[in-house]
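The values are calculated or read from the model by the stated rules, or taken from the named source; none is laboratory data. Here the structure is a predicted model, which means the values were calculated and not measured. All Cβ positions, glycine included, derive from the backbone under ideal geometry; neighbour counts span all protein chains shown.
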């Protein structure tokens, strides 16, 4: 299997370069991840839990530097066009391993977010999407449905746990799952 | 059918609020589009060509105000969970109507971009994706493959035409098509 993310950090400030470089540096250079940046996004390849953890780490670091900071991330697992990679070999997703969004330690960073789930190549994909949205609605983070995506609001760590849970849960039905996630902190619209 | 976009503009500058509000205003209030903004994104509902045109208009306006400006957009058509809407009734996609990316008038704005195409609910989706990537490679905008997405570089209007073409062409095979597009102008990484 191949799994990873492409993510971008957007810092609405004149000193955006320092904030972005510092945030990417915060992920370090762990041996179990492959990290590569270009002018548009940063690639992280590894197991899904490690990839989510790394992206959260980078975004949390950017948030701590203040201001209005947005994360846009594409998470993918099982794309048949990608090579198998030993760095990405998780066990199969098991419900007992999935986090409960409300019980992971909070980050102390309040965010608004929206995400779209795409189970690919699977005719029953709408049922999977509906099931995962219902799971989110059963929690405390749900902040409304929009066209094409679902809103979440709450602590950054809890939002990430909920999105990771949807990603892994959908993978029980569809070998190839993609999630696009946008997280916003400090918007002056609020 | 229901079709539209959720898009966000990211302006890496202290005066981001004015640039974003001005860019959204540049779309006007046309009767054939429904436009709604919240703190995370702006919704545009309408026929696919009009939606692409409106999003391009907003982003071009933001670009003209200078600096490093990024567009992140989700385009969707045919989602079975969405209501039919008369405002979205295009004719079926026909190849003869699809733009040739190189022949639309240029905008004068040079950008780097990447996009991901998701034909949903269709077991043959990888063939559709492969076909559309080949179509892009046959043109002059192709700027390399990345994990999970394809890079384009060139004039903003040509990039939009190429992405719109992939969107409509994929709709011949899959009733529900989503594209996520990121466009970047003025990155100091270049």
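Miscellaneous remarks
- Hey, residue A:52 more than 14 Å from every other protein chain (Cβ to nearest Cβ) and either buried (at least 21 other Cβ atoms within 10 Å of the Cβ) or under 21 Å from residue A:168 (Cβ atoms) (or both) or not: yes
- Selection within the range B:109-127: residues that are part of a loop (DSSP other than H, G, I, E, B) and at negative phi. The member of this set that is nearest to the other protein chains (Cβ to nearest Cβ) is B:123.
- Unmet requirement for residue A:166, which otherwise passes all of (1) assigned to a helix (DSSP H, G or I); (2) more than 20 Å from residue B:116 (Cβ to Cβ); (3) in contact with a strand residue (DSSP E or B) (Cβ under 6 Å, 6 or more places away or on another chain): (2)
- Of the residues making up the range B:84-102, at least one is within 12 Å of chain A (Cβ to nearest Cβ), touching a helix residue (DSSP H, G or I) at 6+ places or on another chain (Cβ under 9 Å) and either surrounded by 19 or more Cβ atoms within 10 Å (Cβ to Cβ) or at pLDDT 95 or above (or both).
- In this structure, residue B:110 qualifies as modelled with pLDDT of 95 or more and within 30 Å of residue A:71 (Cβ to Cβ).
- Subset of the range B:155-187 (residues that are within 23 Å of residue A:36 (Cα to Cα) and over 10 Å from the mean Cα position of the chain (by Cα)): B:184, B:185, B:186, B:187
- Conditions (1) touching a helix residue (DSSP H, G or I) at 6+ places or on another chain (Cβ under 8 Å); (2) more than 10 Å from chain A (Cβ to nearest Cβ); (3) free of Cβ contacts under 8 Å to residues at least 60 places away in the same chain; (4) under 25 Å from residue B:89 (Cβ atoms); number of the one not met by residue B:65: (4)
- Note on the range B:128-151: residues that are within 14 Å of chain A (Cβ to nearest Cβ), out of contact with any helix residue (DSSP H, G or I) (no Cβ under 6 Å at 6 or more places or on another chain) and touching a residue at least 12 places away in the same chain (Cβ under 8 Å) total 9.
- Members of the range A:154-185 found to be within 10 Å of chain B (Cβ to nearest Cβ) and touching a helix residue (DSSP H, G or I) at 6+ places or on another chain (Cβ under 8 Å), listed by number: A:183
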